[in-house]
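To start, the structure itself, in structure tokens.
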Amino acid sequence: MSTDTPENGDGEGEMVKLNVKVPERLLEEIDELAEELNYTNRSEFIREVLRDTTEPILTPGAQEGVSQGYADVAAGRTTSHEEMKKKFGIDG
């Protein structure tokens, strides 16, 4: 592995070169997608795909809400479907 500049402009720190072998058909698809989606080059496209698959999709606020929901369930702070229907006056 080799490294590039100390900062890549995305605030992600030092860039590290990663060599990966892919089938030619896949490389052609990557290049087509990168061009179609207006990426500057295939490396930029692949970094974005890797980022999307390794970083949480939820915003920090949403992650906090999900965590709170799990904590509520674990602590028994839940309401049944039937209780909610009664609370909001819903029949059926």
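The values are calculated or read from the model by the stated rules, or taken from the named source; none is laboratory data. Note that this is a predicted model, so its numbers are computed, not measured. Positions of Cβ are backbone-derived with ideal geometry, glycine not excepted, and every protein chain shown enters the neighbour counts. Just the protein is used for accessible areas: all its heavy atoms, side chains included, with ligands, DNA and RNA removed. Shrake-Rupley method; radii C 1.70, N 1.55, O 1.52, S 1.80 Å.
Overview of values
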read-out	value
Flag if GLN68 is at pLDDT below 90, assigned to a helix (DSSP H, G or I) and surrounded by 10 or more Cβ atoms within 10 Å (Cβ to Cβ)	no
Whichever residue in the stretch 34-65 is polar (S, T, N, Q) and open to solvent by less than 90 Å² (accessible area, probe 1.4 Å) and, among such residues, is nearest to VAL16 (Cα to Cα)	SER43
